[in-house]
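Chemist: Handing you this structure, nothing more for now.
The values are calculated or read from the model by the stated rules, or taken from the named source; none is laboratory data. A quick note: this is a predicted structure, and the numbers were derived from the prediction, not measured. Backbone-built Cβ (ideal geometry, glycine too); neighbour counts: all protein chains shown.
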Amino acid sequence: MSKNNFRTIAISLFLVITINSCHGPQNGKPETKGIEVLPEDIVELRGDQIKLANIEIGSVGTRSMSGSLKVSGTVTVAPQNLATVCMPMGGFVKSTSLMPGIAVTKGEALAVLENQQFVEIQQGYLEAKNRLDYAEAEYNRHSELFKEDVYSQKNLQQVTSEYKTLKAQVKGLEQKLALIGIDPAKLNEDNISSSVTLVSPISGYVKAVNVNIGKFVAPSDILFEIVNSDKLFLELILFDKDADKVSTGQNIHFFINNEREQHDAVIYQTGKSINSDKTYKVYASIPGVCKNVLPGMYVNAIIQSNSNKVTSLPSDAVVTFDEKQYIFIVVKDKIENNQPFTEYRMIAVQKGVTEGGFTEVILPNDFNIESVRVVTKGAYNLLSAKKNAGEMSCS
């Protein structure tokens, strides 16, 4: 048992014994006066008890308190800085040299895949393109003949339909080729290939590799995950009761894993709705580059609130009883049986932020902070005396 705990117990026992004893018969004679019954919110102590309980008196003051809010969250990246790489038509993996953690640049080769369908698409495109060239020439020729009343409108409509159909077919095949990474402008009869090169859509580092040589991958399979960590941000989770304590532009200090190194961030957006679990999301940008900070990491963060002038007391002045917060004020000093006594009243308050040994207190509307004397030290000893001693009075 520590010295402080022993001292608290000793004070409590002393207060209980001495307060209770003050109601008993004196000098072996029976009581002749009625026992004074004090209100429930009043505690009464003698001068020697006050001294033993180390009670000190002060007043409510005002202080600039910023406060802080401790929250948790994760490091993440914007959607445009995270790429999931798939192969729209699937295929067999012919080659790849990537490992997780390797840096890649936009357009760099990730893997080479083979598929017979690649050949069929290229062949179909070149054939359709050749037919389109002929259809276009026929369309132009028949248009001129129609103007000269040499060709019928019906024949012109048929040629026009064939021409537009082939044109749409060629455009569709061009999009398919682009989808699998083949440039239609560079394709000709001499460079048809059964393999295509899969390239990185962004610059960053390889987060995950889910392929190996010879593996067949389907269009829905995720082959690689690429992350650009140049610009990171925090996704923090708050409870709805704290939603009014944060705003855009507030500074944040955060820590990753068990490291002591502090990193900084700034809130750039707050959530616009409360989730079903009564949580609220806040997003903060991380300026510059932070060493060892990577997407997916768990963080503990401290949000610095804006400074405000608030009514406050030393933290020792605020006590908790039945899940409510109270302070003790001096009601009056008096003399009973030639001994000095002081009456203290419990006042319910609301507790705010705590900073530097002081706590914000929201007082009742009729509280006069200029004249009321408040117990600033020893409040817990008063609470202990009230809880254990029963009636706090002597007659």
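Chemist: Among the residues of segment 316-364, which ones are within 28 Å of the chain's Cα centre (by Cα) and polar (S, T, N, Q)?
Modeler: Of everything in segment 316-364, those that are within 28 Å of the chain's Cα centre (by Cα) and polar (S, T, N, Q) turn out to be Q350, T354, T359.
Chemist: Does L110 meet the test of being farther than 30 Å from G352 by Cβ, assigned to a strand (DSSP E or B) and touching a residue at least 12 places away in the same chain (Cβ under 8 Å)?
Modeler: yes
Chemist: From the list D316, D366, D333, which one is of a type in the set (D, E, K, R) and in a strand (DSSP E or B)?
Modeler: D333
Chemist: Limited to segment 248-283, what total is found for residues that are part of a loop (DSSP other than H, G, I, E, B) and of a type in the set (A, V, I, L, M)?
Modeler: 1
Chemist: Tally time: how many residues in segment 323-349 are surrounded by fewer than 17 Cβ atoms within 10 Å (Cβ to Cβ), farther than 27 Å from G61 by Cβ and of a type outside the set (S, T, N, Q)?
Modeler: Summing the residues that are surrounded by fewer than 17 Cβ atoms within 10 Å (Cβ to Cβ), farther than 27 Å from G61 by Cβ and of a type outside the set (S, T, N, Q) in segment 323-349 gives 4.
Chemist: Step by step: first the residues of segment 39-97, then only those that are among the charged types (D, E, K, R) and surrounded by fewer than 19 Cβ atoms within 10 Å (Cβ to Cβ), then the one that is nearest to D221 (Cα to Cα). Which residue is that?
Modeler: Per the stated criteria, the residue is K94.
For (1) part of a strand (DSSP E or B); (2) over 49 Å from the mean Cα position of the chain (by Cα), each residue gets a yes or a no:
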site	(1), (2)
N155	no, yes
Y163	no, yes
A178	no, no
G181	no, no
N191	no, yes
Y205	yes, no
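Chemist: Considering only residues that are touching a residue at least 60 places away in the same chain (Cβ under 8 Å) and of a type in the set (S, T, Y), which ones fall in segment 347-377?
Modeler: Hits for segment 347-377 are T354, T376.
Chemist: Residues being modelled with pLDDT under 85 and more than 15 Å from Y283 (Cβ to Cβ): count how many of those fall in segment 243-261.
Modeler: Residues in segment 243-261 being modelled with pLDDT under 85 and more than 15 Å from Y283 (Cβ to Cβ): 7 in total.
Chemist: How many residues does segment 76-92 contain that are touching a Pro at 6+ places or on another chain (Cβ under 9 Å) and either more than 18 Å from A109 (Cβ to Cβ) or not hydrophobic (A, V, I, L, M, F, W, C) (or both)?
Modeler: 6
Chemist: Still on this model: Can you say whether Y344 is over 28 Å from Q304 (Cβ atoms) and in contact (Cβ under 8 Å) with a residue 60 or more places away in the chain, as far as the supplied structure shows?
Modeler: Criteria met by Y344.
Chemist: Report the residue count in segment 146-176 for those that are loosely packed, with under 15 Cβ neighbours inside 10 Å and aliphatic (A, V, I, L, M).
Modeler: Result for segment 146-176: 2.
Chemist: Taking the condition of being part of a helix (DSSP H, G or I) and not basic (K, R), how many residues in segment 43-63 meet it?
Modeler: 5
Chemist: Can you spot a residue in segment 211-230 that is exposed (fewer than 15 other Cβ atoms within 10 Å of the Cβ), in a loop (DSSP other than H, G, I, E, B) and free of Cβ contacts under 8 Å to residues at least 60 places away in the same chain?
Modeler: Within segment 211-230, none of the residues are exposed (fewer than 15 other Cβ atoms within 10 Å of the Cβ), in a loop (DSSP other than H, G, I, E, B) and free of Cβ contacts under 8 Å to residues at least 60 places away in the same chain.
Chemist: Let me ask you something else. Quick check: anything in segment 278-296 surrounded by 15 or more Cβ atoms within 10 Å (Cβ to Cβ), hydroxyl-bearing (S, T, Y) and either at pLDDT 90 or above or farther than 21 Å from K70 by Cα (or both)?
Modeler: So far as segment 278-296 goes, yes, one or more of its residues are surrounded by 15 or more Cβ atoms within 10 Å (Cβ to Cβ), hydroxyl-bearing (S, T, Y) and either at pLDDT 90 or above or farther than 21 Å from K70 by Cα (or both).
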